[in-house]
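Asker: Please read through the structure below; I'll follow up with questions.
Please treat every number below as a calculation from the coordinates, not as lab data. Everything numeric in this text was worked out from a predicted model, so none of it was measured.
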Amino acid sequence: RVSEIYVAPAPCESVIGNDVCDNVVRICLTTWSSNVAERTIGLGAALIILGIGTFGLLGFDFSNWTPLIPAFFGLPILILGMVAQQGSGPFLLMIGGAVLLSVLAFAGTVSSLTEVPALLSGAPVGRPMAVLEQAITALLTGTYILVVLQAAITQRTQRRSVRS
C-alpha cells in the first residue's frame, strides 16, 4: 500500500516538490477510500445474508418479518458502499450515511449481547434466534464502525505526515 511506503521526514514541498506531494496525498486517499468502500459493501452484503438467512431458517413466515430487519439496514448500506466505490457521489457523505445506519443498527441490537452467555450455556432464553441474530448484527456493525474510525484516523495522520 502506497500510504505505508512513503512518509515524508520533512516538509513535503521542500523534499520532493508540490506536484509529487499532491500525487502522494491523492494516492493515499484513493487507497483509504477503496478499502472503506469495500468494507461497506461487505457489511451490507453480510447484513442482507443474515436477515434473509434467519428469515429462511424460521420458515419464511411472513406474519413475522422482524428477522428481515438486518437486511433492511444492509440494503442501503450496500448501495451507499457501491456508490462510494464508483465515485458517482460524495465519498464522505456515502460512508457517513453507512456509518450512521450502522450506529442505529448497533444501538438497536447491542443489548442482546448480554443474553448471549445464557444462550451459549444452554439456559432458556426467550426467542433464541432473535438473540443470536441481534448479537451477530451488533458484532458486525460495531466492528465496522471501529474499522472505519480507525481507517479515518490512520488516513488523517498519514496525510498530515506527508503534508508536514
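Asker: Multiply the residue gap between Leu104 and Thr157 by 0.36 nm, knock off their C-alpha separation, and tell me the result in nm, one decimal place.
Answerer: 16.3 nm
Asker: Now for a different question. Residue separation times 0.36 nm, minus the C-alpha to C-alpha distance between Ile52 and Leu93: what's the value? Present the calculation step by step, with values, prior to reporting the outcome.
Answerer: Details: separation 41, 0.36 × 41 = 14.76 nm, distance 2.75 nm.
Working it through step by step, the gained length comes to 12.0 nm.
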